[in-house]
Amino acid sequence: MSTSPFLAGGTPDQPRLIFADWMHAVQAHIESTLARLLPPAEAIPARLHEAMRYASLGGGKRVRPLLAFAAGELTGAAPERVEIVASAVELIHAYSLVHDDLPCMDDDVLRRGRPTCHVEYDEPTALLVGDSLQALAFELLARSALSDPGRQLEMLRLLAHASGSCGMAGGQAIDLGAVGHALNTPELELMHALKTGALIRAAVRLGALCGEPLSDKAEAALDRFAKRAGLLFQVVDDILDCTASTATLGKTAGKDAAAEKPTYVSLMGLERAREFADDLRTQALAALAIFGERGQRLIELTDFITHRKF
Ligand code: GRG
């Protein structure tokens, strides 16, 4: 039996953690795992390595790793495997934030309550930080024993697809092209399915792939959940952008409206966006019904995503 607090099944020896404790344990574990897996700050080229650590450590909600661990719980995955895929996804996420904050993209100075990477270092360094974090993510997946070779190759393919032009980078391209344009609901949904949703979907799938295979029906249900949870995350992000303060968010609030970016709030108004988030939560939870008790962490995470304050 696993001695990890993350995948505990609620035995007398290893009582099941309440959600808040589980979440903090996973967040702390991901922090220490990333600290171990990233190159040491002193290793040459030291400035680049220090900046990679700056961009990846000491902040963030770690939503994607949390989803990977919760999905791993569904399939009885070993935590030593899940921590690798969770770290890989988080490194891709950290890279996307560094590049997104650059002057040629969103041009922001604040991220996770601190100066953005290019402000703390410089633009060329920030560009290389993003490149290097992305490369490290794939190196981790390739060099770790995660599954049989066929499935491991599929995991690499899956993360590459979610990150590239048919996933996150593609969504960012649509986003950049949409500034000042009115998008309709399906267009906005496609943009977010790629920009934010693809990586969230990959986190869930990769976490599950670390354990025993799911039936086709369960796999489809889990993917349905991941798609709804990804969109829910984004709708809540849009709501927070116009309702929360910069201090609470740790990033510049109100940027979407200022930049005339299409969002769920600009498209449907605040109240309707809140109702939409509630509908998405219901749909995400419905997709988990097939898993019964084993889906409990994913249920709790759905509520965390819905009610988060930053
Ligand atoms: C530059 C290739 C490239 C892609 C950038 C995902 C993305 C595309 C940019 C991120 C910018 C952004 C604000 C997107 C909206 C939703 C989102 C991903 C928010 C940030 O994620 P959180 O809230 O951040 O999980 P933390 O800091 O908690 O990790």
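The values are calculated or read from the model by the stated rules, or taken from the named source; none is laboratory data. Because the structure is predicted, anything quoted here is derived from the model rather than measured. So basically every Cβ, Gly included, is an ideal-geometry build from the backbone, and we count neighbours across all protein chains shown. Surface areas here come from the heavy atoms of the whole protein model, side chains and all, with no ligands, DNA or RNA. Shrake-Rupley method; radii C 1.70, N 1.55, O 1.52, S 1.80 Å.
State in Å² the accessible area per residue of the chain; use a 1.4 Å probe, count heavy atoms of protein chains only, and round to the nearest integer.
That works out to 43 Å² for each residue.
Using 0.36 nm times the number of residues separating LEU190 and ALA178, minus their current alpha carbon distance, what extension gain do you get?
So the extension gain works out to 3.1 nm.
Within the chain, how many lysine pairs that are 8 or more places apart, or on different chains, have C-alpha atoms less than 27 Å apart?
Lysine pairs meeting both conditions in the chain amount to 21.
Could you tell me how far the Cα centroid of the stretch 25-53 sits from the Cα centroid of the stretch 185-242, in Å?
Between the Cα centre of the stretch 185-242 and that of the stretch 25-53, the gap is 27 Å.
Along the stretch 160-174, what does the Karplus equation 6.51 cos²θ - 1.76 cosθ + 1.60 (θ = phi - 60°) give for ³J(HN,Hα), rounded to whole Hz, x for Gly and Pro?
5, 4, 5, 8, x, 5, 9, x, 4, 5, x, x, 5, 5, 5
Under a Cβ-Cβ cut-off of 11 Å, what is the net charge of the residues other than THR263 that fall near it, where Lys and Arg count +1 and Asp and Glu count -1?
-4
If Lys and Arg each add +1 and Asp and Glu each add -1, what is the summed charge of the other residues whose beta carbon sits under 13 Å from the beta carbon of ARG272?
In short, -4.
Give, as a single signed number, the net charge of other residues whose beta carbon lies under 14 Å from the beta carbon of PRO40, with Lys and Arg counted +1 and Asp and Glu -1.
Charge balance in the 14 Å sphere: +1.
Apply the Karplus parameterisation 6.51 cos²θ - 1.76 cosθ + 1.60, with θ equal to phi minus 60°, to every residue of the stretch 63-73 and state each ³J(HN,Hα) to the nearest whole Hz, in sequence, with x for glycine and proline.
Values, residue by residue: 4, 5, x, 4, 5, 5, 5, 5, 6, x, 5 Hz.
Roughly to the nearest percent, how much of the accessible area of the stretch 19-307 is carbon and sulfur, given a 1.4 Å probe?
Percent of accessible area from carbon and sulfur atoms in the stretch 19-307: 57.
Give the calculated FRET efficiency between THR243 and ASP131 to the nearest 0.05, with a Förster radius of 35 Å applied to their Cβ-Cβ distance.
0.50
Of the listed peptides 75-85, 40-50, 234-244, what is their order by residue-averaged count of other C-beta atoms within 10 Å, with the highest listed first?
So the peptides 75-85, 40-50, 234-244, ranked by packing, come out 75-85, 234-244, 40-50.
List the residues whose amide H sits under 5 Å from the amide H of ARG111, counting only those 5 or more places along or on another chain, with H placed 1.01 Å from N in the peptide plane.
HN-HN under 5 Å from ARG111: THR116.
In whole Hz, what ³J(HN,Hα) sequence does the stretch 220-235 give by Karplus (6.51, -1.76, 1.60; θ = phi - 60°), x for Gly and Pro?
For the stretch 220-235, the Karplus-derived couplings read 5, 5, 5, 5, 4, 4, 4, 5, 5, 5, x, 5, 4, 4, 6, 4 Hz, x marking Gly and Pro.
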